[in-house]
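One structure below.
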Amino acid sequence: MVFAELREAIEKMKVVDSHAHSIVPLDSSFAFINSLSEATGDALSLAPYSLSFKRNLREIAEFYGTESSLDAVEQYRRLSGLQSISSKCFKAAGISTILIDDGLKLDKKHDIQWHKNFVPFVGRILRIESLAEEILNGEMPDGSTWTLDAFTETFLKSLSSVANEIVGLKSIAAYRSGLEINPHVTREDAEIGLSEVLQRGKPVRITNKSLIDHIFIHGLEVALQFDLPLQIHTGFGDKDLDLRLANPLHLRTLLEDKRFSGCRIVLLHASYPFSKEASYLASIYPQVYLDFGLAIPKLSFHGMISSVKELLELAPIKKVMFSTDAVATPETYYLGAKRAREVVFSVLRDSCIDHDLLITEAIEASKDIFARTAIQLYKINIGEELVGLKASDSPSYVIGTNVPEHSVSLVRILWADASGQHRCRVVPKKRFNDVVRKNGVGLTFACMAMSSAVDGPADETNLTGTGEIRLMPDLSTWREIPWKKQEEMVLADMHLKPGDAWEYCPREALRRVSKVLKDEFNLVMNAGFENEFYLLKKLEREGKEEWVPIDSKPYCSSSGFDAISTLFQEIVAALNSLNVAVEQMHAEAGNGQYEMALGYTACTYAADNLIFTREVVRAIANKHGLLATFVPKYALDDIGSGSHVHLSLWQNGQNVFQASDASSQHGMSKVGEEFMAGVLDHLPSILAFTAPLPNSYDRIQPNTWSGAYQCWGKENREAPLRTACPPGIPNGFVSNFEIKSFDGCANPHLGLAAIIAAGIDGLRRHLHLPQPIDANPATLEGKLSRLPKSLSESLEALQKDNVLKELIGEKLVVAITGVRKAEIEYYSKNKEAYKQLIHRY
């Protein structure tokens, strides 16, 4: 009875079946005998004489209480009905979850929803070759012949559109052309392959290796983008398969490709008879996992035991998973689960006898094999009580960690520096609670003197590595990190000592000028940011890493948004959890460029929200294998990205930027005009804050809707300042104005501080706006002043601007000036260095 505890744990566990197929009605042309053997045709007549067939038929007969014959079992099935035998089989199997590959063609097969009558959770595995054939069996919208580009675009769009509805992808390349996938298959070869397939007529069956490889690689890219596992058929199967080409060792070239090192690949069917080879691959490649369905229960008992033992010879236990590979009949689910419990018990018992495992370790191993690993890998949202796991066994949903889902272990303390880069210090939660929340963490004075190119203090900033401040967490900004459930984040203020604000602190600078605006004029400035950014995917060309746009769709393209809507759903959900309101989003005009507009709020909160938004976008894009960049001019030959900001003035809860009656000039109030006139007057020096890099000025060019001339206009998108009359505002009135010359490299607190300082000067001097420009400013050359064409010119304007120096702080402006000079010097000497900015912003 020494192993009774292990046996009990395995028998009572509700298992996760991570690979199976649809059940068919009793009147399907798929015969019951076919579910008990891989044989077909004449070979099927001898299948009843195999060891596994005899054993499985006998166990079904015993389960049903019939004679041990096909006729008796089939008669019982007909009399009982599918609903009854399904309920009986699933209950006895103890299955909590099934993941169904519904790409297998079966007569009258039931849909995914039908299976939910018998288990708590059913997920879909999408077979990529079946999807490709379905597309090619259809027609092009214009009736023409499929081209490779049209097919690939439709294939990727179709995959992306269902990515949030499935739990994984599957490939049967082994059945078609083998597992020696060429990750660098050429376009020409794929085009030839497509032509060859189409010439054979319909129904399409894809067997051309180049086209299969093309489909496989693009499917893997989608799996990486949406963080989906890819199941691959390996090892034995029916007679369509060339077993020699189903050896998983053929996948080595693919596994060595760095582009796909972040993918998760599941080798199905224990790769039998190549179980040792599969075990080896799982031991050396972190992305490789193993599944032993089909080998259990289709092999003899000795074969099943030896196959699972071979998998565990090298592979980590946490990489080996159970499945039934059940097909067509509920009995195959029952047999697969029953036999797997017996085999796993036998294998783990022997491991204990051989002193490889302790009993307690064997019990934990059984939980990993039957439930935990699959729940993690496929991100199955199912309560632990349904699979018989204790709360302490609940997976973290992050591969490679044993931290419970709701146990926060780390806290990130964030700040944005003078160059607009986001940085953080990370401390364990216990230390944060015990020490940091009251005393902060130490940080060098040099933190506010670093440029975008060098992590060291720039000259002429008056800040060096000597001296230390305290990063003090602002607990009002504490948030749980949506994409890292075991971590929290909080924005920090910079203090010389707790309670004594450092004059170089950007958040404090915004508070200072906001206080002046409030104290002198009883006004609060609200702000709402529009975020433009590129989504890039990584390619490897001639051994070099290259980041390229994910698509080339036009402005506001519906298909462009379709392809990435799942990612945006995650982004919006994450921002909602951070209390950041999103108003709208769309595909922008650049290749792979998107825009997301945030709701407006008090400027101090708006700046904080912008930092959280950039963090969310970059992190979730990274999760999907993409790189999101807010760089102003990612590609010099494409559209730039801005961080346009809409501004309004509020008093006692009312928007006082808008005119109170129709007689007011320009549809705005007197204080609104004076504030905006101050911003326009100081705009050249404001650019040193809102366009902080030389690359920023590659964006601010005529005819690009970025605002290159010192002017303003009513709904004129070529003007740097634009008054806006959004839906709901009476015609002729304006509720806010937009500043276009603000980009994603700017520290939002410093940028807004400069804008408020300029507005305060306009209010103090009662400035008036010139007449609005209703034409393209570029057509009025000589009549309008050009805004600074370079960072040097905006810096020259700042150095002459005593108003901004006084209100923002002389020392802080000196530090910013030093950092900007360092930027100018570095990028003037390193012309191609701007290309690395995508990794910083």
TODO: Would you check if residue 641 is polar (S, T, N, Q), surrounded by 24 or more Cβ atoms within 10 Å (Cβ to Cβ), in contact with a strand residue (DSSP E or B) (Cβ under 7 Å, 6 or more places away or on another chain) and in contact (Cβ under 8 Å) with a residue 12 or more places away in the chain?
DONE: yes
Task: Which listed residue, of 671, 631, is within 38 Å of the chain's Cα centre (by Cα), in the same structural domain as residue 732 (by the TED database), outside any strand (DSSP E or B) and touching a residue at least 60 places away in the same chain (Cβ under 8 Å) - done: 631
TODO: Find the residue count for the stretch 563-577, including only residues that are in a helix (DSSP H, G or I), open to solvent by 20 Å² or more (accessible area, probe 1.4 Å) and either touching a residue at least 40 places away in the same chain (Cβ under 8 Å) or in contact with an Asp or Glu (Cβ under 9 Å, 6 or more places away or on another chain) (or both).
DONE: 5
Open item on the list: It is to be established whether one or more residues within the stretch 756-776 are at pLDDT 90 or above, crowded, with 17+ Cβ neighbours inside 10 Å, under 30 Å from residue 456 (Cβ atoms) and assigned by the TED database to the domain that holds residue 610.
Closed with: yes
TODO: Search the stretch 412-446 for residues being among the β-branched types (Val, Ile, Thr) and open to solvent by less than 10 Å² (accessible area, probe 1.4 Å), and hand back the single one that is nearest to residue 820 (Cα to Cα).
DONE: 413
Task: Cβ pairs under 9 Å, 6+ apart, first in the stretch 234-247 and under 18 Å from residue 40 (Cα atoms), second modelled with pLDDT under 90 and charged (D, E, K, R) - done: 236/38; 236/298; 237/38; 238/38; 239/38
TODO: Filter the stretch 158-177 down to residues that are exposed (fewer than 15 other Cβ atoms within 10 Å of the Cβ) and either of a type in the set (Gly, Ala, Ser) or in a loop (DSSP other than H, G, I, E, B) (or both), then give me how many there are.
DONE: 1
Open item on the list: Which residue is farthest from residue 524 (Cα to Cα), if the candidates are limited to the stretch 583-610 and must be among the hydrophobic types (A, V, I, L, M, F, W, C) and at pLDDT 90 or above?
Closed with: 596
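Listed here are the residues, each with its yes/no results for (1) open to solvent by 10 Å² or more (accessible area, probe 1.4 Å); (2) on the phi < 0 side of the Ramachandran plot; (3) without any contact (Cβ under 8 Å) to a residue 12 or more places away in the chain; (4) not in a strand (DSSP E or B).
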| residue | (1), (2), (3), (4) |
| --- | --- |
| 85 | no, yes, no, yes |
| 97 | no, yes, no, no |
| 107 | yes, yes, no, yes |
| 119 | no, yes, no, yes |
| 141 | yes, yes, yes, yes |
| 156 | yes, yes, no, yes |
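Tell me, which residue of the stretch 715-738 that is under 15 Å from residue 645 (Cβ atoms) and not hydrophobic (A, V, I, L, M, F, W, C) is surrounded by the fewest Cβ atoms within 10 Å (Cβ to Cβ)? It would help to see each step written out before you state the result.
Going residue by residue through the stretch 715-738, those that are under 15 Å from residue 645 (Cβ atoms) are 717, 719-724, 726, 735-738.
Still in the running and not hydrophobic (A, V, I, L, M, F, W, C): 717, 720, 722-723, 726, 735-736, 738.
Working: 717: 14, 720: 28, 722: 23, 723: 25, 726: 10, 735: 21, 736: 25, 738: 21.
For the stretch 715-738, the residue satisfying everything is 726.
Among the residues of the stretch 499-540, which ones are aliphatic (A, V, I, L, M) and either open to solvent by less than 20 Å² (accessible area, probe 1.4 Å) or out of contact with any strand residue (DSSP E or B) (no Cβ under 7 Å at 6 or more places or on another chain) (or both)? Even if it seems obvious, please write down each step before you answer.
Of all residues in the stretch 499-540, those aliphatic (A, V, I, L, M) come to 501, 509-510, 513, 516-517, 523-525, 527, 535-536, 539.
Those that are aliphatic (A, V, I, L, M) and either open to solvent by less than 20 Å² (accessible area, probe 1.4 Å) or out of contact with any strand residue (DSSP E or B) (no Cβ under 7 Å at 6 or more places or on another chain) (or both): 509, 510, 513, 516, 517, 523, 525, 527, 535, 536.
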TODO: For residue 259, work out the one condition from (1) free of Cβ contacts under 8 Å to residues at least 60 places away in the same chain; (2) under 30 Å from the mean Cα position of the chain (by Cα); (3) open to solvent by less than 40 Å² (accessible area, probe 1.4 Å) it doesn't fulfil.
DONE: (1)
Open item on the list: List the residue pairs whose Cβ atoms are under 9 Å apart, where the first residue sits in the stretch 178-195 and is more than 13 Å from residue 253 (Cα to Cα) and open to solvent by less than 10 Å² (accessible area, probe 1.4 Å), the second is among the acidic types (Asp, Glu) and not in a helix (DSSP H, G or I), and the two are 6 or more positions apart or on different chains.
Closed with: 178/242
- [ ] Check whether at least one residue in the stretch 447-466 is touching an Asp or Glu at 6+ places or on another chain (Cβ under 6 Å), open to solvent by 70 Å² or more (accessible area, probe 1.4 Å) and outside the structural domain of residue 679 (by the TED database), and report yes or no.
- [x] no
- [ ] Read through the list (1) touching a Lys or Arg at 6+ places or on another chain (Cβ under 6 Å); (2) closer than 25 Å to residue 742 by Cα; (3) of a type outside the set (A, V, I, L, M); (4) open to solvent by less than 70 Å² (accessible area, probe 1.4 Å), then give the number of the only condition that residue 560 fails.
- [x] (2)
Open item on the list: As an exercise: evaluate residue 149 against (1) more than 28 Å from residue 624 (Cα to Cα); (2) open to solvent by 40 Å² or more (accessible area, probe 1.4 Å) and give the number of the one condition it does not meet.
Closed with: (1)
TODO: Need at least 1 residues that are of a type outside the set (D, E, K, R) and free of Cβ contacts under 8 Å to residues at least 60 places away in the same chain per element, so show me which helices (runs of 4 or more DSSP H) inside the stretch 729-841 make the cut, counting only ones lying wholly within it.
DONE: 791-799, 802-808, 810-829
TODO: Select from the stretch 121-139 the residues that are part of a loop (DSSP other than H, G, I, E, B) and either of a type outside the set (D, E, K, R) or under 31 Å from the mean Cα position of the chain (by Cα) (or both) and list them in ascending order.
DONE: 138
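Within the stretch 515-557, can you find the residues that are more than 25 Å from the chain's Cα centre (by Cα) and assigned to a strand (DSSP E or B)?
Step one: list which residues in the stretch 515-557 are more than 25 Å from the chain's Cα centre (by Cα), which gives 515-527, 542-543.
Answer for the stretch 515-557, where residues must be more than 25 Å from the chain's Cα centre (by Cα) and assigned to a strand (DSSP E or B): 524, 525, 526, 527.
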Open item on the list: Quick check on my filter: what residues within the stretch 599-611 are surrounded by fewer than 24 Cβ atoms within 10 Å (Cβ to Cβ) and of a type in the set (A, V, I, L, M, F, W, C)?
Closed with: 602, 611
TODO: Kindly list, by first and then second residue, each pair from a residue in the stretch 56-73 that is of a type in the set (Gly, Ala, Ser) to a residue that is open to solvent by less than 70 Å² (accessible area, probe 1.4 Å) and assigned to a loop (DSSP other than H, G, I, E, B), limited to pairs with Cβ atoms under 9 Å and residues at least 6 apart or on different chains.
DONE: 61/69; 72/66
Open item on the list: Please pick out the residue among 685, 660, 648, 641 that is part of a strand (DSSP E or B) and hydroxyl-bearing (Ser, Thr, Tyr).
Closed with: 648
Open item on the list: Restricting to the stretch 819-836, count the residues that are crowded, with 20+ Cβ neighbours inside 10 Å and either not assigned by the TED database to the domain that holds residue 761 or not hydrophobic (A, V, I, L, M, F, W, C) (or both).
Closed with: 4
TODO: Could you look through the stretch 702-727, keep only residues that are touching a helix residue (DSSP H, G or I) at 6+ places or on another chain (Cβ under 8 Å) and of a type in the set (A, V, I, L, M, F, W, C), and pick out the one that is nearest to residue 778 (Cα to Cα)?
DONE: 708
Open item on the list: For residue 811, only one of the following conditions fails: (1) basic (Lys, Arg); (2) closer than 18 Å to residue 448 by Cβ; (3) open to solvent by less than 20 Å² (accessible area, probe 1.4 Å). What is its number?
Closed with: (3)
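The values are calculated or read from the model by the stated rules, or taken from the named source; none is laboratory data. Since we're looking at a predicted model, the values are computed, not measured. Quick reminder, even Gly has a Cβ in these numbers, built from the backbone with ideal geometry, and neighbours come from all protein chains shown. Ligands, DNA and RNA are stripped out before the accessible areas are found, and what is left, the full protein with its side chains, is counted by its heavy atoms. Shrake-Rupley method; radii C 1.70, N 1.55, O 1.52, S 1.80 Å.
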